[in-house]
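Chemist: If you scroll down you'll find the structure; I have some questions about it.
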Amino acid sequence: MSATSTPTGTRATRVLGFATLALTVWLIVFGLFVSAEDVVQGSTVRIMYVHVPSIWVAYVAFALTAVVSAVYLSGKNRSLAWDRVAGASAEIGVLFVAISLITGSLWGRLTWGTYWVWDARLTSTAFLFITYIGYLAVRGLGGTFRQRARRSAVLALLAVLEIPLVHFSVVIWRSLHQESTVANSGTDVELDGLMLFTLFLGIVTFTMLFVWMVLHRQRGLALQDAVDSHGLDVAIEQRRQEAEVR
Amino acid sequence: MSAAPTSMKRLVNLARIVMLKDLRAEVNSRVLVNQVAPFSVVIMILFAFALDNDGILQRVAPGLVWLATMFSMLVVVQRSFAVETADGALDALRVAGVDTRALFLGKSLALGVQLCALDVILVTTAFFLYNVQLEPSGLLVVFVTVVLACCGLGFIGTLYGGLAAGARGRETLLPLLLLPVVAPVLIGATRATEAGFKSGGAEVSEGWPWSGLLLVFAVIFGVVGSVAFGPLIDE
């Protein structure tokens with residue numbers, strides 16, 4: 001590793017990373033080969049082992065964003081570390097909502113014959129995705145770090161309010177305008193023991209992956225902030241001092 | 001004992017002054033009348049071109065009225081904050097010690113009043129161009145819906161407009177932030193107006209629960225907005 005690069009990993013993240021990797025291999029083996037096919041859906045059901053953990057991670061990520069944003073706004077010591085964790089978590093949440101939407105619509109195409117239905121849950125999830133893309137756009141608006149932190153923290157808390165409102169209104173919109181959709185019939189599926197275990201394994205694996213990604217990403221953001229605040233001049237000055245020492 | 005009512009009175013008075021200031025700025029500049037209203041009518045005409053069927057137009061008229069409102073609102077919100085940020089007027093107001101809650105309420109109400117005026121034009125346009133039915137009982141539902149929805153939109157528009165104000169690239173960011181949040185208003189207002197217009201065989205009485213939803217929405221964002229607006233614009 002060259003002297004100019006700063007790693008975002010530590011011993012702990014490396015251990016976590018390898019553990020996640022091992023679990024991922026285990027998940028692939030169980031998800032693709034060991035677990036049984038579904039009676040109705042056949043091998044298609046295996047999408048579930050990615051789809052469900054993805055949306056789980058997205059919910060965890062957005063909850064974490066909201067909690068650390070609240071901590072930032074309420075705390076006397078307004079450390080920007082909270083803000084960076086919120087940003088890192090939201091970025092990864094957006095990624096996993098996207099994965100969940102893509103795998104969900106592929107699964108829908110195979111089982112329902114269509115990529116998308118205007119079901120309340122699907123529509124709300126699409127709104128969730130767009131809302132946090134907006135959140136990330138606000139983080140990129142510029143200004144000082146404090147401005148960014150405060151703006152995005154307020155926005156993260158507003159999103160917590162907005163998402164249930166959107167979900168509630170979409171639910172009553174659908175309940176009055178459409179008979180129960182195919183999406184509802186899918187929720188009655190009974191999972192056998194091994195499938196349930198594989199699903200659980202998927203959730204654990206994806207959660208560990210999320211923690212690993214947040215740890216790295218928030219350090220990456222801290223380095224980014226450091227670069228932005230110190231600027232090129234400081235870096236040049238450091239190089240100059242290094243040269244003098246030699 | 002009298003401190004709370006006095007401060008409340010002060011707040012309401014301040015909000016009224018801010019609202020009148022915004023409305024006076026609008027009356028002087030006539031941006032709403034000369035630019036936004038024609039823009040919204042053009043949207044309505046373009047919808048007719050795109051759908052190209054009298055029956056469909058009549059059926060979807062309520063949704064089109066509210067979509068046109070949402071699009072026009074983006075322009076009005078940007079205008080509302082362009083006036084404030086152009087000469088650092090927002091900073092001047094804050095330096096003058098104006099309570100941010102009063103600022104929020106005043107600007108929201110001014111925005112709501114402008115949107116109400118716009119919706120009168122849009123509903124009239126729908127009546128003539130889309131050939132919708134409008135009876136007195138239906139008109140009452142539509143009127144209440146317009147007032148409640150515009151209050152809600154005013155609160156949300158001011159909240160997110162304040163967030164994006166003064167930032168580079170706000171013109172493109174505002175729709176992304178605002179439109180997902182106003183989705184519940186679009187749903188509620190469209191269904192209520194549908195009942196008012198009796199489109200798709202709806203009964204007028206079916207509109208009132210949806211108006212209730214709009215009221216709940218307006219109250220929530222009114223309360224939350226007056227708390228959140230201060231930290232948002234405080235920089």
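Values quoted throughout were computed directly from the atomic coordinates according to the rules given, and no laboratory measurement underlies them. Keep in mind it's a predicted model, so treat the numbers as computed, not measured. A quick note on method: Cβ atoms are made from the backbone with ideal geometry, for glycine too, and the neighbour counts reach across all protein chains shown.
Chemist: What is the distance, in nm, between label points placed 7 Å from the Cα along the Cα-to-Cβ direction at B:Ser7 and at B:Arg101?
Modeler: About 0.7 nm, to one decimal.
Chemist: Given chain A reduced to its alpha-carbon atoms as identical point scatterers, what log10 I(q)/I(0) does the Debye formula return at q = 0.14, 0.16, 0.17 Å⁻¹?
Modeler: -1.03, -1.22, -1.29
Chemist: Okay, next question. Considering only the other residues whose Cβ falls under 13 Å of the Cβ of B:Ser29, what net charge follows from Lys and Arg at +1 and Asp and Glu at -1?
Modeler: Cβ neighbours under 13 Å give a net charge of +2.
Chemist: Just grab the label-to-label distance for A:Val117 and B:Leu129, each label 7 Å out from Cα along the Cβ direction, in nm (one decimal).
Modeler: 3.6
Chemist: Output the relative contact order of region A:1-130, whole-number percent, from Cα pairs under 8 angstrom with separation of 6+ residues.
Modeler: 21
Chemist: How do the peptides A:48-55, B:28-35 rank, highest first, by the average count of neighbouring beta carbon atoms within 10 Å per residue?
Modeler: Answer by packing, highest mean first, reads A:48-55, B:28-35.
Chemist: How high is the relative contact order of chain B, in percent, with contacts defined as C-alpha pairs under 8 Å that are six or more residues apart? Intermediate results must be reported in sequence, preceding the final value.
Modeler: Numbers: 282 pairs, mean separation 60.3, N = 235.
26 percent.
Chemist: To continue, here is another question. Taking the 0 to 90 degree range and rounding to the nearest ten, how far is the long axis of helix A:145-177 tilted relative to the main principal axis of chain A, both from C-alpha atoms?
Modeler: Relative to chain A, helix A:145-177 is tipped by roughly 10 degrees.
Chemist: Another one. When A:Leu158, A:Leu201 are ordered from fewest to most other Cβ atoms inside 10 Å of their Cβ, what list results?
Modeler: Lowest to highest Cβ neighbour count: A:Leu201, A:Leu158.
Chemist: If we sort A:137-149, B:41-53, B:185-197 on the protection proxy, mean other Cβ atoms within 10 Å, highest first, what's the order?
Modeler: Listed from highest to lowest mean packing, they are B:185-197, A:137-149, B:41-53.
Chemist: I want to check the label-to-label distance for A:Val40 and A:Ala12. Put each point 7 Å from Cα in the C-beta direction and report it in nm to one decimal.
Modeler: Modelled inter-label distance: 4.5 nm.
Chemist: Which of the peptides A:101-114, A:205-218 is most tightly packed, and how do the rest follow, judged by the mean count of other Cβ atoms within 10 Å per residue?
Modeler: In descending order of packing, they fall as A:205-218, A:101-114.
Chemist: How far is helix B:3-29 tilted off the main Cα axis of chain B, in degrees rounded to 10, range 0 to 90?
Modeler: Once rounded, the angle reads 60 degrees.
Chemist: Sticking with this structure for a sec: Averaged over its residues, how many other protein chain Cβ atoms are within 10 Å of peptide A:145-156's Cβ atoms?
Modeler: 3
Chemist: Can you figure out the FRET efficiency of A:Ser229 with A:Val171, using R₀ = 56 Å and their beta-carbon distance, to the nearest 0.05?
Modeler: 0.80
Chemist: Helix B:136-164 versus the longest principal axis of chain B: what angle, 0 to 90°, nearest 10, using Cα atoms?
Modeler: The two axes meet at around 40 degrees.
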